[in-house]
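Have a look at the structure below, then the notes.
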């Protein structure tokens, strides 16, 4: 089962009023409302009008340039506005049942309005996500090593994904899980590239598509030089798609940051300055050369390769430790150890 680590940021939102998510007709939605909330034809019509109006406002919001946090707050206000209009259209009992299912949570609105998920499924989904969030927060506040926390977080996410599939079914569960990851990535990209939500979402979709394309190239049984040619071609194609999808200013920022991704991460996430970043890169290059040598040495056993790579990784971490503030190093080293172990498992050395 695929783990989407981007979900680790929290329980984020879907584009509830995004027309791209629509998969049912107004007539189907009216039948759904009648079956599950016992509304009249007139009430269903009022509901549809309110939904159409708020979707139009959300579409304009998605084209506005603002921070991700401001966007989330603005969308939350739209959801509350929608709930107020539904409250006016429904009687007290109808609204209580409807609001209890949707809970002013926008991702549940899209499941309700566009996927016609039953109230029972929404209740079960909420319980599963709330349990995951409680378990994740308890784990994060625990005393385990940072790399162990990353492993545990991935395990919890896998368990959540399995539960989502159980509640929604595999097809709809996969859609829901992937859209949640995509939306989180879009929020990150809003701030990273100073983009509108729509632009950030477009870049996120392009990123996901090209990750799959690059993986396919790596799996081809062709010479390394041919793989390099294909990968360079994919990079050019991706850049062109980004430029076609967003404004020139955002595309320019995307290009600069993508070209210097490591610099961006070390500065924004871990607080290193330019001099420290240069020293970090020097140390990493030394490690990378040593890693390449060890992996390519056919005389070494699996155990010897793992031991030498572990020693090289430890030396690399010790070399760069003085570049970080104490808390930042703990976070970086935990992530570094987690990714190192994951790579060793992929190489079948662990």
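Odds and ends about this structure:
- Every helix of 4 or more DSSP H residues in the chain counts as -39500 (n - 2.57), and over all residues that averages to -26000 deg cm²/dmol at 222 nm.
- In this rough spin-label picture, where each label sits 7 Å from Cα along the Cβ direction, the residue 84-residue 65 distance is 3.0 nm.
- Theoretical gain in end-to-end length, residue 178 to residue 57 [0.36 nm per residue, Cα-Cα removed]: 41.1 nm
- Linear extension gain, residue 145 paired with residue 306, 0.36 nm per residue minus alpha-carbon span: 55.9 nm
- Distance between the pseudo-spin-label points of residue 25 and residue 239 (7 Å out from Cα toward the beta carbon): 4.7 nm.
- Expressed as a fraction of 2.2 N^0.38 Å, the value expected for a compact globular protein of N residues, the C-alpha radius of gyration of segment 187-319 is 1.31.
- With each label modelled as a point 7 angstrom along the Cα→C-beta vector, the residue 211-residue 91 pair spans 4.9 nm.
- Subtracting the Cα-Cα distance of residue 218 and residue 330 from their residue separation scaled by 0.36 nm leaves 37.1 nm.
- Counting only Cα atoms, the size of segment 74-136 along its three principal axes is 37, 28, 21 Å, in decreasing order.
- Ratio of the Cα radius of gyration of segment 93-204 to 2.2 N^0.38 Å, where N counts its residues: 1.22
- Its alpha carbons considered, the chain gives a radius of gyration followed by a Dmax of 23.9, 78 Å.
- Protection proxy ranking for 126-134, 156-164, using the average of other Cβ atoms within 10 Å per residue and placing the highest first: 156-164, 126-134.
- Computed FRET value (nearest 0.05) for residue 248 with residue 343, which takes r as the C-beta separation and R₀ as 51 Å: 0.85
- Computed over segment 261-350, the Cα gyration tensor eigenvalues convert (square root of 5λ each) into semi-axes of 26, 13, 11 Å, ordered from largest to smallest.
Readers should treat all values here as calculations from the given coordinates under stated rules, not as data from a laboratory. Keep in mind it's a predicted model, so treat the numbers as computed, not measured. Heads up, the Cβs are rebuilt from the backbone with ideal geometry, glycines too, and the neighbour counts pull from every protein chain shown.
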